[in-house]
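Quick note: the coordinates plus some simple rules give every number you see, no bench work behind them. Since the model is a prediction, treat every value here as computed from it, not as a measurement. Counting neighbours? That spans all protein chains shown, and the Cβs are built from the backbone with ideal geometry, glycine included.
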Number of protein chains: 2
Amino acid sequence: MINQPVFDRMVRKLARRAPLDEADREALISLPFKTKVFAPSSYLVREGTPSEDCTLILNGFTYRQKLTQGGGRQILSVHIPGDFVDLEGSLLNVSDHNLQALTVCEVAAIPRKAVRTLIDTHPRIARALWVDTLIDGSIFREWILNVGRRDSKERVAHLLCEFAKRLALAGLGDEHGYTLPMTQEQLADCTGLTPVHVNRTLKALDAAGVIVRSGRSVSIPDWQRLRDVAGFSELYLHLDQAA
Amino acid sequence: MINQPVFDRMVRKLARRAPLDEADREALISLPFKTKVFAPSSYLVREGTPSEDCTLILNGFTYRQKLTQGGGRQILSVHIPGDFVDLEGSLLNVSDHNLQALTVCEVAAIPRKAVRTLIDTHPRIARALWVDTLIDGSIFREWILNVGRRDSKERVAHLLCEFAKRLALAGLGDEHGYTLPMTQEQLADCTGLTPVHVNRTLKALDAAGVIVRSGRSVSIPDWQRLRDVAGFSELYLHLDQAA
DNA sequence: CGGTACGTTGAGATCGGTCAAAGGTTGTGG
DNA sequence: CCACAACCTTTGACCGATCTCAACGTACCG
């Protein structure tokens, strides 16, 4: 029972991805783990290395990231409390990307072995985790579209929409606004733009009344308007299996 | 045994993703299916719809695709014989993207139900399929990087590298060249460029001696050179678990 | 042999990038 | 509680990679 408060959010999330029975919940709650804390921008996993542990975010935010040969950085996804990051680590031999802390970050590190045993012995949990990675995949696809075919306003607005939805789902904000712990440089790395242009784009969205900024918090006076600007459809978040 | 020749390539591929025993192979080979043929550019799955079947490509190529509100099209992935496409279809309620035939395409349509039963009763197969979707995810991540942070030459060259590797792996070409059944417009939709610019980029790569084109086949006089131009590293293909 | 789809080329426009500097904010140590 | 440093944001001027538009060339197919 000791893990319960810590893993509670994760168990509830997984239970929505696939039905779990009492034994499944027990098994999840009894997973062995060590709590670790990471400073902002420290690495949790590095490209090309195997990972010993599977990481569950308890507090704070992380992101996945890759570099081009020329040093260009692209952020691939942003993760919030309750997310398993590096579930791949349990099944793939080496990591194909870097995993970095966005904010100060408290995580539960679960031994890779324990995860593999869990999924071998609990098919419903395996199913739920698999659905989780499929939804991750869907979000990656949307990001390819975002970065490949939307102009800068749509791109930034779309990212803001996604964060709004996901944070609301995790109980960390709502559709009226939220605090985004990202610098404009990081937003640029999410969208494939430069920091300077992200700045101008945010300013333009603000000037158009689509968002209102103060510091790093964003408020959204008219959600429908932001959606329209972004061309946002939440289908890809598979909320029926995520919420 | 009737399925054997048809499913053979798929079984061999999965067995590399996770160890399978004789019973697993039997179960895979005995999956019920219907063969279907799709004409180029016909839809196998449409965004927003559930899919009744899980699709295994026997011959030909398919691609996943999404549109922006403005009608911009982004290709998200390209699939070759032996690939399961729309495995998501078995676990997610509705599709978040379109699946289209690139060439004439012969597929095995396996009922969604049969797939779900299979994965519930065969944990090793479930594991192999899961690893398959994880590798798909890794490729999506690389595409985000490609489209987000590489310039047009790197982007096109990277795509050509990926196809070379994947086709070679499937026995459909090698590192000296292959035939790419895509129009320049489709290449543009893969890379987030315009067809005109893809044309100029291919011309430039050809002029620089990095590739040699004739019609739709590409030959690669110096693989290392193409890799360098693209900044290609095959780590993300997880060949140790794919090959 | 004509049509349709695809590839190629040129000229000019534009969105977003680059470079550089100034203005804010935050946190820390004295 | 101030002062400074580090980091982040904002702004302007200019640049250039890629897009747009439009025409022409080419290959395949019925």
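Structure data summary
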read-out: Centre separation in Å (Cα based) which lies between segment B:85-102 and segment B:178-243; value: 26
read-out: Inter-copy spacing of residue A:46 label points, which lie 7 Å from Cα along Cα→Cβ, given in nm from shortest upward; value: 5.0
read-out: Rel. contact order, % - alpha carbon contacts under 8 angstrom, at least six apart, segment B:39-129; value: 41
read-out: Selected from B:151, B:96, B:189 as most flexible by GNM, with chain B as the system and alpha-carbon contacts under 10 Å; value: B:151
read-out: Gaussian network model of chain B, springs between alpha carbon atoms under 10 Å - residue of B:231, B:82, B:148 with greatest fluctuation; value: B:148
read-out: Label-point separation in nm, residue A:37 to residue B:207, each point 7 Å along Cα→Cβ; value: 5.8
read-out: Charge sum, other residues only, whose C-beta stays under 11 Å from residue B:219's C-beta, Lys/Arg counted +1 and Asp/Glu -1; value: -3
read-out: Dipole of chain A [Lys/Arg +1, Asp/Glu -1 at C-beta], most positive-end residue of A:61, A:131, A:144; value: A:144
read-out: Where N is the number of residues in chain B, Cα Rg divided by 2.2 N^0.38 Å; value: 1.02
read-out: For segment B:4-133, the spread of Cα positions along each principal axis, largest first, Å; value: 50, 27, 23
read-out: Under the Karplus curve 6.51 cos²θ - 1.76 cosθ + 1.60, θ = phi - 60°, whole-Hz ³J(HN,Hα) for segment B:69-75, x wherever Gly or Pro sits; value: 4, x, x, x, 10, 10, 7
read-out: Förster radius 30 Å - calculated FRET efficiency between residue B:121 and residue B:168 (Cβ-Cβ, nearest 0.05); value: 0.30
read-out: Inter-label distance for residue B:46 and residue B:240, nm, one decimal - labels placed 7 Å from Cα along Cα-to-Cβ; value: 4.5
read-out: Relative contact order %, chain B, counting alpha carbon pairs below 8 Å whose residues are six or more apart; value: 21
read-out: Cα-based reach from residue B:165 at 23 Å (exclusive), listing lysines while leaving out same-chain residues under 8 positions away; value: A:66, B:13, B:153, B:203
read-out: Kirkwood-based shape ratio for the protein assembly as shown, expressed as Rg/Rh from alpha carbons; value: 0.95
read-out: Whole-Hz couplings from phi, Karplus 6.51/-1.76/1.60, listed for segment B:206-211; x for Gly and Pro; value: 5, 4, 7, x, 7, 9
read-out: Choice from A:118, A:202, A:92 showing the highest fluctuation, given a GNM over chain A with Cα pairs closer than 10 Å; value: A:92
read-out: Quarter of the Cα convex hull surface for segment B:111-207, i.e. its orientation-mean projected area (nm²); value: 8.0
read-out: Estimated FRET transfer efficiency (residue B:224, residue B:199; beta-carbon r; R0 30 Å; 0.05); value: 0.70
